[in-house]
1. Return the residue satisfying two criteria in turn: it lies in region 86-103 and is free of Cβ contacts under 8 Å to residues at least 24 places away in the same chain and surrounded by 12 or more Cβ atoms within 10 Å (Cβ to Cβ), and of such residues it is nearest to the ligand (Cβ to nearest atom).
2. Of everything in region 104-127 that's more than 15 Å from the ligand (Cβ to nearest atom) and open to solvent by less than 70 Å² (accessible area, probe 1.4 Å), which residue is nearest to the chain's Cα centre (by Cα)?
3. Take the residues of region 63-85 that are part of a strand (DSSP E or B) and open to solvent by less than 40 Å² (accessible area, probe 1.4 Å): which is nearest to the ligand (Cβ to nearest atom)?
4. Out of G87, G105, report the one residue that is under 21 Å from E45 (Cα atoms) and at pLDDT below 95.
5. Working carefully through the options E39, E56, find the one that is modelled with pLDDT under 80 and farther than 30 Å from H123 by Cα.
Amino acid sequence: MASRLLFRSAVRAFTRTGAVRAAAPARYMAAGGIPSDEEQATGLEKEIMTALKRGEDPYNMLKPKNYKGTKEDPHIVPSVNNQRIVGCICEEENTAVVWFWLHKGEAQRCPNCGAHYKLVPQHHHHH
Ligand SMILES: [Zn+2]
């Protein structure tokens, strides 16, 4: 409690003297230790690439061979929700995965290679 009161009075002192403006850049420094979404996505990407090298497909992200990915024959993405994240390996040799959200309804295109994906709702029944 004591430190909080001290902090408040310090803020008041800053406000009065106009020193708040000078102290503002400290907020940027404080945010430096928090991993950004980008850094977290990179970690997930690495995890998935490692799994794929072991022959696993934990996120059902590989393009099924029987879909062309065209508007008429989009990649079918089963989902228990109305939206899910899709990872597209645009070309087989690619090491980078393009991530985007796929929503229920019209087929959507990979922002990088333009392949069509369509979300198909699935219902799981547990007995
Ligand atoms: Zn793609």
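The values are calculated or read from the model by the stated rules, or taken from the named source; none is laboratory data. Predicted model only: the values in this text are computed from it and were never measured. Don't worry about glycine lacking a Cβ; one is built from the backbone with ideal geometry, like all the others, and counts go over all protein chains shown. Keep in mind that these areas ignore ligands, DNA and RNA; they rest on the heavy atoms of the full protein, side chains included. Shrake-Rupley method; radii C 1.70, N 1.55, O 1.52, S 1.80 Å.
1. Our first condition is that a residue be free of Cβ contacts under 8 Å to residues at least 24 places away in the same chain; within region 86-103, this holds for 91-94, 98, 100-101, 103.
Checking the rest, the ones that are also surrounded by 12 or more Cβ atoms within 10 Å (Cβ to Cβ) come to 94, 98, 100, 103.
Values: N94: 8, V98: 5, F100: 9, H103: 17 Å.
Taking the candidates together, the pick is V98.
2. Of region 104-127, the ones more than 15 Å from the ligand (Cβ to nearest atom) are 104-106, 119-127.
Then keep just the ones that are open to solvent by less than 70 Å² (accessible area, probe 1.4 Å); that gives 105, 119-121.
Numbers: G105: 21, L119: 17, V120: 20, P121: 21 Å.
The qualifying residue nearest to the chain's Cα centre (by Cα) is L119.
3. Taking region 63-85 and keeping what is part of a strand (DSSP E or B), we get 75-79, 83-85.
Okay, now just the ones that are also open to solvent by less than 40 Å² (accessible area, probe 1.4 Å), so 75, 77, 79.
On the way: H75: 10, V77: 13, S79: 18 Å.
Only one residue fits best here, namely H75.
4. On the way: G105 fails: under 21 Å from E45 (Cα atoms).
Result: G87 is the single residue among G87, G105 that is under 21 Å from E45 (Cα atoms) and at pLDDT below 95.
5. Details: E56 fails: farther than 30 Å from H123 by Cα.
On inspection, the qualifying residue turns out to be E39.
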